[in-house]
Amino acid sequence: MLIHSFLLVACSLIQPARLATTPLVRQPIALPDLYEASIAELQAGLAAGHFSSVDLVKAYIARIDEVNLKGPALRAVIETNPSAIAIAEALDVERRTQGPRSALHGIPILLKDNIATIASEGMNTTAGSFSLLGSIVPDDAGVVKRLRKAGAIILGKANLSEFAEYRGNLANGWSGRGGQSSNAYFPSADPCGSSSGSGISASIGLAAVTLGTETDGSITCPSSRNNLAGIKPTVGLTSRAGVIPISEHQDTVGPMTRSMTDAAIVLSIIAGPDPNDNFTLAQPQVVPDFTQALQTNALRGKRIGVPRRGFLDATNDRTADILNAFEEALNVLRGLGATIIDPADLPSADEILASNNETVVLNVDFKARTKTPCSNPSGVRSLADLIDFDNNNPSLEKPSGYTDQSILIEAQATNGFDAAYFASLAADHEMGGAQGIDAALQAHDLNALVLPSDGPTTTPAAIVGYPIVTVPLGFFSDNVTISRAGPETVYPAPGVPFGLSFLGTAFSEFDLIGFAYAYEQKTQTRLARKAFPAAIPTTQLSDILSGNDH
């Protein structure tokens, strides 16, 4: 009894002290919002074990399911990768046992549907056309090999303007397989093209990052209209091997992301030589770490030119919203330490805008390189076959409002690599370079040129193969006049974004990324406006972790 009483007393003496201490409370883990999540935020959560790459894949697939064919039916994604979860599982194990391979380890990425992936993984590569459905490509595209080596997960294929907008006079963002994609910032708004689905998907977090391709405007314009950072690299910085082509002289592959930081990370991984693309063998020997360009003082002491003639004068019909935002942007650049040389015109501006040389080159190149894989169930093996396939399958490829294939027919009528072709190719390089971008840079001792991203901005860089880096500039006002853009789309429209583009000479990406980053960090324009409510997926990582995914 005495012992028992002693224990009771002892317990009574000890217990109050235990009650007086503050109990340990487990703080909820702050998970990244997938609408805006950066690569760094995702990697931090993966490294801490807050979620896995499998969780990420499930979350992004659920987000795609919410808005792609349901709800606002944005039609941004043609198909998802049936092997993505298995690949994520293996990469999660590798992370635990060996550590991450790179900043992209376990990060889900969407590819434009003209970038090849091995068929055994379960996805098609079709450029949006039923003519290539079920075809077997011989290998992954060069950039995909680099992504896989870095540990990235190919989440799926994004919709696009069919054959990268090289079929006919069709609405931006339409393909036979994907249908009409639309912008997430206003119902049925034109997303621009041809990397339409990549732009839409990145804008609302249907993947961590996306890849697009550009021949003339196809990364720059959809990055602009979808409130993104986009990099159109110098032709030859990233491999085009395994990419359904238009022209080897103009095609290039680049990132479309929600920030310049993420774009720099992706470009650092996908850039580099590829023996299957001889253009890449002419690039500088050392690929920079483009993340080292991300300096907020990058514009200090730099000279930036404004090529107004042909791009900002009366010959151009840009809206007041874009023009006013651009003038404000010039003041921001001045405030960041840049000297603005205005005007700094391209000597060849009028000639570029009047020339038909680009069309000559692209038509010949497209016909010559339109060769399908060795195994293609449709039987299409040439451009002539493709034209016939579309005509013979109108329910698939020529629905009402989307029947035109005039570009294909014009390309089919070309006569190959003749004197007219080589003369046009040489003239393009001269107009875009020595009498164009390079002429303006040298005449005014400039570090770069700057323009609004829309309109003919992309053409001088396109015809000479030079880089463009784009960041958000602003949004159309709520009272802008809405105009019809295609059978199902409108443009401009209230709240639809537009961008600012920095242009430079060959392989000047490092500098351009720095300039765009400094501007982006100062203005934070992307964060000023979100997509319209129905276009914002609600699924978050917390739903996956709790088993409540939609």
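The values are calculated or read from the model by the stated rules, or taken from the named source; none is laboratory data. No experiment lies behind these values; they were computed from the predicted model shown. Cβ sites come from the backbone with ideal geometry, for glycine too, and all protein chains shown count toward neighbours. Each accessible area value is taken on the protein alone, full model and side chains, heavy atoms only, with ligands, DNA and RNA left out. Shrake-Rupley method; radii C 1.70, N 1.55, O 1.52, S 1.80 Å.
So which residues in segment 366-391 are among the basic types (Lys, Arg) and buried (at least 17 other Cβ atoms within 10 Å of the Cβ), if there are any at all?
Listed by number, the list holds a single entry, Lys367.
In segment 372-391, what residues are farther than 23 Å from Thr359 by Cβ and either assigned to a loop (DSSP other than H, G, I, E, B) or under 28 Å from the mean Cα position of the chain (by Cα) (or both)?
Passing the criteria: Thr372, Pro373, Cys374, Asn376, Pro377, Ser378, Gly379, Val380, Arg381.
Could you grab me the full set of residues in segment 34-58 that are over 20 Å from the mean Cα position of the chain (by Cα) and either surrounded by fewer than 17 Cβ atoms within 10 Å (Cβ to Cβ) or assigned to a helix (DSSP H, G or I) (or both)?
Gln43, Ala44, Gly45, Leu46, Ala47, Ala48, Gly49, His50, Ser53, Val54, Asp55, Lys58
Within segment 72-87, track down each residue that is more than 17 Å from the chain's Cα centre (by Cα), buried (at least 21 other Cβ atoms within 10 Å of the Cβ) and either assigned to a helix (DSSP H, G or I) or of a type in the set (A, V, I, L, M, F, W, C) (or both).
Ala84, Ile87
Would you check which residues across segment 495-512 are out of contact with any strand residue (DSSP E or B) (no Cβ under 6 Å at 6 or more places or on another chain) and open to solvent by less than 20 Å² (accessible area, probe 1.4 Å) and list them?
Across segment 495-512, the qualifying residues are Ser508, Glu509.
Suppose we filter Ala88, Ala127, Ala48, Ala40 for residues that are over 18 Å from Ile204 (Cβ atoms) and either without any contact (Cβ under 8 Å) to a residue 24 or more places away in the chain or not small (Gly, Ala, Ser) (or both); which single one remains?
Going through Ala88, Ala127, Ala48, Ala40 in turn, the sole match is Ala48.
Looking only at segment 342-373, which residues are touching a Lys or Arg at 6+ places or on another chain (Cβ under 6 Å) and modelled with pLDDT of 95 or more?
Pro343, Asp345, Ala349
Does any residue of segment 468-485 turn out to be over 22 Å from Ser259 (Cβ atoms) and charged (D, E, K, R)?
Within segment 468-485, one or more residues are over 22 Å from Ser259 (Cβ atoms) and charged (D, E, K, R).
Go through Gly301, Gly335 for me and flag whichever is at pLDDT 95 or above and within 14 Å of Leu446 (Cα to Cα).
Exactly one residue qualifies, and that residue is Gly301.
Of these, Ala506, Ala485, which one is touching a Ser or Thr at 6+ places or on another chain (Cβ under 6 Å) and either more than 17 Å from Ser223 (Cα to Cα) or among the acidic types (Asp, Glu) (or both)?
Within the list Ala506, Ala485, the selection yields Ala506.
Do any helices (runs of 4 or more DSSP H) lying entirely in segment 179-292 carry at least 1 residues that are of a type outside the set (Asp, Glu), at pLDDT 95 or above and open to solvent by 10 Å² or more (accessible area, probe 1.4 Å), and which ones are they?
Answer list for segment 179-292: 220-225, 260-270.
Report whether or not Pro394 is open to solvent by 10 Å² or more (accessible area, probe 1.4 Å), under 29 Å from the mean Cα position of the chain (by Cα) and either at pLDDT 95 or above or more than 23 Å from Ser424 (Cα to Cα) (or both).
In short, no.
For segment 434-457, what are the residues that are over 30 Å from Pro497 (Cβ atoms) and either among the hydroxyl-bearing types (Ser, Thr, Tyr) or not in a loop (DSSP other than H, G, I, E, B) (or both)?
Selection gives Ala434, Gln435, Asp438, Ala439, Gln442, Ala443.
Would it be correct to say that Arg96 is surrounded by fewer than 18 Cβ atoms within 10 Å (Cβ to Cβ) and either farther than 30 Å from Arg167 by Cα or of a type outside the set (Gly, Ala, Ser) (or both)?
yes
Filter segment 404-422 down to the residues that are touching a residue at least 12 places away in the same chain (Cβ under 8 Å) and in a helix (DSSP H, G or I) and list them by number.
Ser406, Ile407, Leu408, Ile409, Glu410, Ala411, Gln412, Ala420, Tyr421
Pro138 versus (1) of a type outside the set (D, E, K, R); (2) open to solvent by 10 Å² or more (accessible area, probe 1.4 Å); (3) modelled with pLDDT of 95 or more; (4) within 30 Å of Ala86 (Cβ to Cβ): which is the lone unmet condition?
Among (1) of a type outside the set (D, E, K, R); (2) open to solvent by 10 Å² or more (accessible area, probe 1.4 Å); (3) modelled with pLDDT of 95 or more; (4) within 30 Å of Ala86 (Cβ to Cβ), Pro138 violates only (3).
Under the condition of being among the β-branched types (Val, Ile, Thr) and more than 26 Å from Ala189 (Cα to Cα), which residue from segment 513-547 is surrounded by the fewest Cβ atoms within 10 Å (Cβ to Cβ)?
Ile544
So, Gly151, is that one assigned to a loop (DSSP other than H, G, I, E, B), surrounded by fewer than 24 Cβ atoms within 10 Å (Cβ to Cβ) and not hydrophobic (A, V, I, L, M, F, W, C) or not?
Here the answer is yes, as Gly151 does meet what is asked.
So Gly401 fits all but one of (1) without any contact (Cβ under 8 Å) to a residue 60 or more places away in the chain; (2) at positive phi; what number is the exception?
(1)
Quick check, is Arg300 buried (at least 16 other Cβ atoms within 10 Å of the Cβ), without any contact (Cβ under 8 Å) to a residue 60 or more places away in the chain and assigned to a loop (DSSP other than H, G, I, E, B)?
Criteria not met by Arg300.
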